[in-house]
Each structure stands twice: as C-alpha cells, then as structure tokens.
Ligand code: GDP
Ligand code: IMO
Ligand code: MG
C-alpha cells in the first residue's frame with residue numbers, strides 16, 4: 001500500500017526489530033520521526049559490516065537522504081544525544097537532524113529519582129532502564145519540566161529549574177534518603193553548554209512537519225518500546241511512562257494527519273521481555289536458553305539478558321486493535337529455525353475458561369495460564385535458499401515457516417507484509433499483495 005505517512009510500532013514488549021524495519025522502510029521516505037520515549041530505547045540497524053545502536057537518534061539517521069526529527073513527545077538526555085551525534089559528525093557529515101524545542105529534558109535528578117523509585121516500588125517495579133524516564137514524564141505532567149528550548153534561554157531556564165530542582169532534590173533527600181550532590185548552579189552551567197552545542201538542531205519541528213506534509217513529503221514515525229509497555233494499554237504498572245501506540249504519533253510530533261496511514265506492527269517470531277512483569281508464555285528451559293543465545297537477546301541499552309517466551313497472539317491481537325495495524329513486519333524467523341516444533345500461545349485459561357483478551361487486573365493476570373498450538377519447525381536457511389528467495393520470492397521460504405506466518409495472519413486478522421530473516425538490511429523480504 002502506498003501511503004504518504006507510515007508508523008512503525010512495537011507490538012510486543014520492545015526489541016522486536018523496529019530499528020531494522022524502520023531502516024528498511026526509510027529508503028522510500030523523506031522524514032523519520034521519533035515521537036515518544038527517550039534513551040530507554042535501543043534500536044539496532046545493521047548495514048553490511050556496520051552496526052549502529054541508536055537510543056535517541058531516529059533510525060533514519062543512517063540513511064543520508066532522510067531528515068530525522070526528534071518530536072515533542074520524546075524526552076532527551078542531552079549528554080547521551082551529543083555522544084550519539086558525535087559518532088556521526090566524526091564521519092565528516094552533519095546529520096540532517098531537527099529537535100523539537102518542546103521536547104522535555106532528562107535532568108540528573110531524574111536519573112537519581114529513577115534509581116530511588118525502583119527501590120521504593122519493590123515487586124511492582126518494572127525494572128526500569130534507570131535513564132530517568134518516569135521522573136521526567138512526571139515533571140512534564142506536574143508542569144515544571146524543562147524543555148529543549150529552555151536550554152537556549154538562560155533566564156527562562158533558571159526560573160524553571162529553581163522550581164524543578166528543589167521539588168526533586170528535596171523529595172530525593174527527605175523521602176528517599178538518597179544522596180544528590182550536583183548544585184543548581186552547576187546544572188545551569190552544564191546544561192546551558194549542552195544548549196549551545198545543540199542550538200543548530202533545536203527547531204520548530206511541528207511547523208516543519210506540517211509544511212513537509214502539505215508538500216507531499218513522505219513521513220515515517222518510528223515507535224519505541226512496544227504495546228505491552230504502553231502506560232495505558234500495557235501491563236500496568238510494569239510499563240514504561242509514555243504511550244507508544246500508533247495513535248500517539250500525532251500527539252508526539254504535533255502533526256494531525258486526517259488521512260489513511262500505513263501502520264506497521266513489528267512482531268518478533270517469539271517474545272522477549274527485559275524487566276519485570278508476569279510473562280505468560282515465558283520459556284524457563286533449554287529452549288529459552290537456545291533462543292536467547294542464538295538471537296543474541298541481551299538488552300541494547302542495559303545489556304541485561306532478555307527473558308524469552310513463545311509468540312503470544314493475545315498480545316499481538318491487542319496490538320492490532322489498539323494501534324489499528326494495517327500490517328505486520330515479522331522478524332527473527334531465522335532464530336526459530338532448527339527447532340523440531342514451535343509453539344504459539346493462542347489464548348489463556350482462567351478457572352477452566354478461555355480468555356482471549358489481556359485483562360486489566362493484575363490479580364487476574366497472575367492466575368492466567370497459556371494455551372498453545374504446536375506447529376512443525378523449519379530448517380535453517382542456506383545461502384542457496386536465500387538466493388532462491390531473491391529469485392522466486394515468498395514461495396521459496398520453507399513450507400513450515402509459511403504455515404507459521406499464515407497461522408498468525410489468520411489468528412490476528414492482519415497480513416504479514418514484511419518477513420525478516422536476519423539482522424542485515426538485505427535479509428528482508430517485502431511481500432507483494
Ligand atoms: P528494537 O528496539 O525494536 O529496534 O530492537 P533491538 O535493536 O533492540 O533488538 C533487535 C535485535 O535483533 C537487533 O540486534 C537486530 O539487529 C536484530 N534483528 C532484527 N531483525 C532480525 C532478524 O530478522 N533476524 C535476526 N537474526 N536478527 C534480527
Ligand atoms: P526499545 O525501543 C525493551 C522496559 C524496561 C522496564 C520498563 C520501564 O528498544 O524496544 P523505563 O526505563 O522505560 O522506565 O523502564 O520498560 N523498557 C524496554 N524494554 N525495549 C525497550 O525499548 C524498552 N524501554 C523500556 O526494561 O521493564
Ligand atoms: Mg531495543
């Protein structure tokens with residue numbers, strides 16, 4: 001389907017391969033926009049021998065024709081952003097990047113507060129990435145947050161910082177008995193310096209996008225995290241602190257799109273989860289270990305081993321419904337190759353009754369049991385198989401793999417339009433329909 005706007009979102013618990021799919025689709029767009037989350041995200045793009053690990057920069061940055069936008073809904077740690085940018089500037093090229101002046105800034109006290117909160121929340125803590133995400137979004141909602149534009153205006157910055165600094169530091173010290181040594185003056189100095197270094201990128205991105213859209217430019221919105229981590233629709237409180245459904249692309253970028261969008265949900269052929277929460281299809285046996293090692297399932301941001309489980313279609317169905325997916329990009333099908341059989345969770349059971357939608361109540365979720373359908377596994381793709389895929393298309397994939405895909409499509413009522421069978425850009429098949 002040709003469409004001027006496209007949204008790529010995670011349909012599971014993050015790390016589905018959004019970076020890779022965004023990179024593949026970026027060849028046909030003019031803009032790539034991040035619209036929520038911060039450097040809790042870690043998106044990997046592999047092009048030939050080079051691997052890029054991106055936390056704040058949109059994956060479009062790898063494609064030089066693309067203008068990358070960090071939208072108002074994103075939260076930015078300027079230190080991390082500058083480090084990431086340096087990597088690209090070193091290559092004698094100034095990235096085509098624009099940062100919304102409305103995006104909120106992650107401050108040092110947010111990172112300290114994230115640490116303190118995790119201890120306080122105990123067994124209700126999601127196991128955060130400790131990047132300051134919940135506290136920065138909380139300050140945004142309290143309405144004493146610092147925005148990127150404030151870093152360019154010393155007086156405005158001081159006025160706002162005085163409120164936010166004392167609020168956070170007194171909570172840290174008095175409520176959490178947590179040390180915090182950075183003075184307000186020191187923060188002012190350091191962050192005004194960050195502002196100077198980022199000044200050329202800070203911009204009215206909402207206006208830029210509206211003009212781009214009016215003049216027919218193609219825009220791709222790159223989601224972070226995944227549906228089960230969405231604050232409203234995920235497994236609260238084991239979520240992140242932003243909305244990541246496709247609907248949020250408009251809020252987090254400031255571009256109202258009264259037109260049909262292509263909405264691509266990225267679905268890994270199994271599930272990984274980094275952090276804490278009930279995980280119904282979790283594999284705690286050697287099959288889980290096999291998938292973790294073969295799939296290199298270790299966090300891109302924190303390096304933590306990811307928990308592994310069978311594909312869960314209750315989760316994917318919820319993603320189809322809540323984001324209005326028009327299609328699915330299925331990744332990591334190569335990782336399941338070599339298993340005699342693969343399981344797919346199609347529903348849950350509660351007191352002998354089938355449950356086909358994820359309940360909101362955590363007490364109920366804790367009592368659910370997964371119901372599986374078992375399918376036959378497929379063999380590894382050889383180099384010859386990969387050549388055949390290029391020559392003969394979808395038909396050249398192993399029959400069992402195609403049965404797996406067809407089963408998912410029929411169960412979730414959404415077509416699989418992109419098949420990914422390796423981390424490299426070229427290890428991707430786009431299905432013509
Ligand atoms: P994201 O957060 O959704 O962008 O995903 P991550 O980058 O955190 O994790 C996905 C990992 O899987 C990365 O290392 C990708 O290079 C890799 N990857 C993506 N698609 C495939 C695939 O189809 N096969 C294999 N083997 N690796 C993939
Ligand atoms: P990408 O974009 C996987 C998880 C954390 C934790 C919870 C809350 O790479 O898919 P936070 O630091 O956001 O307050 O942590 O969310 N989490 C992710 N898990 N991939 C991500 O991003 C994640 N971003 C946050 O592990 O359970
Ligand atoms: Mg990731």
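Structure summary
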{"item": "Region 408-431 - residue that is touching a helix residue (DSSP H, G or I) at 6+ places or on another chain (Cβ under 9 Å) and assigned to a helix (DSSP H, G or I) and, of those, surrounded by the fewest Cβ atoms within 10 Å (Cβ to Cβ)", "result": "411"}
{"item": "Selection count where residues are in contact (Cβ under 8 Å) with a residue 60 or more places away in the chain, within 23 Å of residue 136 (Cα to Cα) and outside any strand (DSSP E or B), scope region 60-84", "result": "7"}
{"item": "Residue satisfying all of: in region 47-59; outside any loop (DSSP other than H, G, I, E, B) and within 15 Å of ligand 2 (Cβ to nearest atom); nearest to residue 424 (Cα to Cα) among these", "result": "51"}
{"item": "Region 23-44 - residue that is in a strand (DSSP E or B) and within 12 Å of ligand 1 (Cβ to nearest atom) and, of those, surrounded by the fewest Cβ atoms within 10 Å (Cβ to Cβ)", "result": "44"}
{"item": "Selection count where residues are in contact with a helix residue (DSSP H, G or I) (Cβ under 6 Å, 6 or more places away or on another chain) and surrounded by fewer than 21 Cβ atoms within 10 Å (Cβ to Cβ), scope region 117-132", "result": "2"}
{"item": "Any hit, region 106-122, residues being within 16 Å of ligand 1 (Cβ to nearest atom), under 20 Å from residue 274 (Cβ atoms) and in a helix (DSSP H, G or I)", "result": "no"}
{"item": "Strands (runs of 3 or more DSSP E) wholly inside region 242-353 containing at least 2 residues that are surrounded by fewer than 18 Cβ atoms within 10 Å (Cβ to Cβ)", "result": "341-350"}
{"item": "Flag for residue 228 being within 16 Å of ligand 3 (Cβ to nearest atom) and either in a helix (DSSP H, G or I) or not assigned by TED's automatic domain parsing to the domain that holds residue 276 (or both)", "result": "yes"}
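Yes or no, residue by residue, for (1) away from ligand 3 (no atom under 16 Å from the Cβ); (2) at pLDDT 95 or above:
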| position | (1), (2) |
| --- | --- |
| 284 | yes, yes |
| 294 | yes, yes |
| 299 | no, no |
| 304 | no, no |
| 308 | no, yes |
| 314 | yes, yes |
| 324 | yes, yes |
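The values are calculated or read from the model by the stated rules, or taken from the named source; none is laboratory data. Computed from a predicted structure; not experimentally measured. With ideal geometry, Cβ positions are generated from the backbone for all residues, glycine too; neighbour counts draw on all protein chains shown.
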